[in-house]
Amino acid sequence: EPAKREEFSGQLGFILSAVGSAVGLGNIWRFPGVAYENGGGAFIVPYLVALLTAGIPILFLDYAVGHRFRGSAPLALRRVKRWLEGLGWFQVAICFAIAVYYAVIIAWALSYFVYSFGLQWGDDTAGFFTGTYLQLADVGGADPWFTLDFVPAVLIPLVLVWAATIVVLAAGVAKGLEKVNVIFMPLLLLAFGTLVVRALFLPGAVDGLDALFTPDWGAMLDPNVWIAAYSQIFFSLSIAFGIMITYASYRKRRANLTSPGFVVAFANSGFEVFAGLGVFAALGFLAHEQGVAVGELEGLTGPILAFVTFPAIVSQMPIGWLFGALFFGSLVMAGYTSLLSILQVVSASFQEKFGWTRRQAALRIGVVAGILSVTAFSTTTGLIALDTVDQWANNIGIVASAVITTVVIGWVLRRTEEMRFHLNGVSTIQVGRWWSFCIVVLGPVVLTAMLVSRIVTLITEGYEGYASWYLNLMGWGTVALFVVAALVLSLMRWRVVPDDFVAWPT
Ligand code: PHE
Ligand code: NA
């Protein structure tokens, strides 16, 4: 007899955990820059369209699959159709790979949280990040692309992140994961809220907001702007990763699904726009201090925004150390709760298929991922490896997973209506036929176009000028590894064969 399935303690715990997964580094360092570069104020149109036509519909589909078939991604999808188990393992593989590098960024943020108190990065924040802190090796030419030269300043916080992750996963869904989110989400709102309000009162803040919100309506005619909007929504809502399938499987039988779904989706987007205010107000201040226009600043997204541009802002502010501590503390909390959610997918899948206990799964997966994380990314060549794996896992892996999900459920198996009835059977807010239309028609068409355009771009243009053998190995190789892992894991034997399952009647 398999043990009773774990459960969230209730609606609030579920919502906070789902928001904890969604609100991550992407909200803070990705959204503001992406919006700015893709039409500013006009970006809101493609962004909202993407949220309403793909984000929320696929979020609901994930919920329906997980709740109706009560399993992590491989098990729930196997119960939809046996051979779909492979798609579940594909998602597990993506989660595993993302966790391996996502933890590294949290480790950096942890270091910078400590550095904030003494403004330890000095005046040359770029040199400090890549030189003093990461000790990046030059790659290319005769220099190595891989080294095992460990950087202790990264390695130590990284080991801490993994230890904390193992402990929380071992404690379980309600006592571990949910507890961390119930504490960290309000704390994150408080810390980040303070930061945004402070930023809005800095000199130059208005110019920053102006730069962010001034609409460039012409951008709406550019297909790349639409692709950017859809991909931001995907990554940001954590959909098609198996995460929301897994989380929904921990809800009670009569759990309302759609209303909390709307809450999660709007909370995530709200946080994103809020982060846009804070980040651009702060950038406006930096431009003001340097006597340049906001448009002339560089490093407006990603690791460079967080670890080079922000420290420069902090150094020029009165009581900057506090601002820095709030910023990096927020990154740690937002990132860590997302990391937990990704690893819960991996842990739950192994527990179900191989009969591991929760503790065994937490320890084994945490140790293996932790070792990989340390050897691949806490060395002097860690940053380029991270950047490359991230690009392929997100841009190819996730989108492919979403395409397969919608095409198989919508077209091949024609199970969309079953899922819709399930959602409506348990939820207060009913979903109409517009939902099925998004899953069956819009989703597959838009997502396939997006996937093809990305594959073509990566093949023809490469990435960041890295050597092509390196991209083949670390980029395409990673995706190939996902496929192999999916095949191998789905062909392995179930410890308890799960095929006598009857879905809940709706
Ligand atoms: N949604 C998170 C963010 O916006 C990132 C994330 C990606 C979380 C993948 C889980 C899985 O940063
Ligand atoms: Na997000």
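The values are calculated or read from the model by the stated rules, or taken from the named source; none is laboratory data. Here the structure is a predicted model, which is why all the values come from computation and not from measurement. With ideal geometry, Cβ positions are generated from the backbone for all residues, glycine too; neighbour counts draw on all protein chains shown.
Couple of notes before you dig in:
- Among the candidates L237, L209, L277, L257, the residue that is more than 16 Å from ligand 1 (Cβ to nearest atom) and either surrounded by 22 or more Cβ atoms within 10 Å (Cβ to Cβ) or within 16 Å of the chain's Cα centre (by Cα) (or both) is uniquely L257.
- Just one of the listed residues (S116, S111) is at pLDDT 95 or above, of a type in the set (S, T, N, Q) and either touching a Pro at 6+ places or on another chain (Cβ under 6 Å) or within 16 Å of ligand 2 (Cβ to nearest atom) (or both), namely S111.
- The single residue among E7, E85, E37 that is of a type in the set (D, E), away from ligand 1 (no atom under 16 Å from the Cβ), over 17 Å from the mean Cα position of the chain (by Cα) and crowded, with 24+ Cβ neighbours inside 10 Å turns out to be E85.
- Matching residues, segment 40-52, being crowded, with 24+ Cβ neighbours inside 10 Å and within 15 Å of ligand 2 (Cβ to nearest atom): Y47
- Residue identified as in contact with a Leu (Cβ under 7 Å, 6 or more places away or on another chain) and either without any contact (Cβ under 8 Å) to a residue 40 or more places away in the chain or farther than 24 Å from V441 by Cα (or both) among I98, I28, I15, I94: I28
- Residues within segment 212-229 that are within 16 Å of ligand 1 (Cβ to nearest atom) and surrounded by fewer than 24 Cβ atoms within 10 Å (Cβ to Cβ), tallied: 1
- Count of segment 88-133 residues which are assigned to a loop (DSSP other than H, G, I, E, B) and surrounded by 18 or more Cβ atoms within 10 Å (Cβ to Cβ): 1
- Residue within segment 170-183 that is within 16 Å of ligand 2 (Cβ to nearest atom), touching a helix residue (DSSP H, G or I) at 6+ places or on another chain (Cβ under 8 Å) and not in a loop (DSSP other than H, G, I, E, B) present: yes
- Residue within segment 305-324 that is surrounded by fewer than 21 Cβ atoms within 10 Å (Cβ to Cβ) and within 19 Å of V151 (Cα to Cα) present: yes
- Scope segment 205-256; condition aromatic (F, W, Y) and either assigned to a helix (DSSP H, G or I) or touching a Leu at 6+ places or on another chain (Cβ under 8 Å) (or both); matching residues: F213, W217, W226, Y230, F234, F235, Y247
- Subset of segment 341-360 that is surrounded by fewer than 24 Cβ atoms within 10 Å (Cβ to Cβ), hydrophobic (A, V, I, L, M, F, W, C) and in contact (Cβ under 8 Å) with a residue 12 or more places away in the chain - its residue that is nearest to ligand 1 (Cβ to nearest atom): F350
- Selection within segment 162-195 - of a type in the set (K, R) and exposed (fewer than 15 other Cβ atoms within 10 Å of the Cβ): K175
- For segment 229-248, filtered to residues that are farther than 17 Å from T406 by Cα and not small (G, A, S), the residue that is nearest to ligand 2 (Cβ to nearest atom) is Q232.
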